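The values are calculated or read from the model by the stated rules, or taken from the named source; none is laboratory data. Because the structure is a prediction, the values reported are computed rather than measured. As a convention, Cβ positions derive from the backbone with ideal geometry for all residues, glycine included, and neighbour counts pool all protein chains shown. Only protein heavy atoms, including side chains, enter the accessible area calculation; ligands, DNA and RNA are left aside. Shrake-Rupley method; radii C 1.70, N 1.55, O 1.52, S 1.80 Å.
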Amino acid sequence: WARRLHDPIVRWVRATRGSVGAAMTNPGRLALLLIGSAGISFGYILALAAALAAYGARPGLGTVAGVYLGSSAVAAVAPTPGGVGPFEAAAVAGLGTLGVGAGPAVAAVLTYRLITYWLPVAPGAVALHILRRRGTL
């Protein structure tokens, strides 16, 4: 079994090393990659802050960023797809620890996840259906 695992892992590592190496040789591409990654995180932080504001809670943006990044770390190590469950629990606990009431924290986190995680599934499902119908997939 070790040999069966070894070969695919080695191929994956070589392919990844080539992609990372190509990105590292082009500073512009690397900068775009890093800016894009930071931009996505910042957008999610703003979305969580907006959801909190919608329910009357207005913690500082730094507080929201800390809760979001901490909750994302918890979600990354959780054995659930997309960190569903652990992210929400960690975010509500973090917000509660920092003074946000339980009601607004739960409502804001669930609204945030509905908009940023579950809502995009619908257009994706439609696109998948269309691509399968056309024979593209």
- Per the 1.4 Å probe, what fraction of the accessible area of segment 1-74, in percent, lies on carbon and sulfur atoms? 69
- Message: Cut-off 10 angstrom, C-alpha nodes, Gaussian network model of the chain. Which of Val74, Val106, Val13 fluctuates the most?
- Response: Val13
- Task: State the label only: which of (i) 1.02; (ii) 1.36; (iii) 0.96 corresponds to Cα Rg over 2.2 N^0.38 Å computed from the shown model?
- Result: (ii)
- Angle between the chain longest axis and helix 27-54 axis [Cα atoms, degrees, rounded to 10]: 30
- Message: Quick check for you: with a 1.4 Å probe and neighbouring chains kept, what is the accessible area per residue of the chain, in Å²?
- Response: 66
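Excluding Ala75 itself, calculate the net charge of residues whose Cβ lies under 11 Å from the Cβ of Ala75, where each Lys or Arg counts +1 and each Asp or Glu counts -1.
Details: positive: Arg113; negative: Glu88.
Local net charge: 0.
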- Message: Can you give me the angle between helix 61-77 and the longest principal axis of the chain, using Cα atoms only, in degrees from 0 to 90, rounded to the nearest 10?
- Response: 50
- Classify segment 42-95 as rounded, prolate or oblate, taking a ≥ b ≥ c as the square roots of the eigenvalues of its Cα gyration tensor: rounded when a/c is under 1.5, otherwise prolate if a/b is larger than b/c and oblate if not. prolate
- Using alpha carbons only, how many degrees (0 to 90, rounded to 10) separate the axis of helix 86-97 from the longest principal axis of the chain? 30
- Over the chain, the sum of -39500 (n - 2.57) across DSSP H runs of at least four, divided by residue number and rounded to 500 deg cm²/dmol, gives at 222 nm -26500 deg cm²/dmol
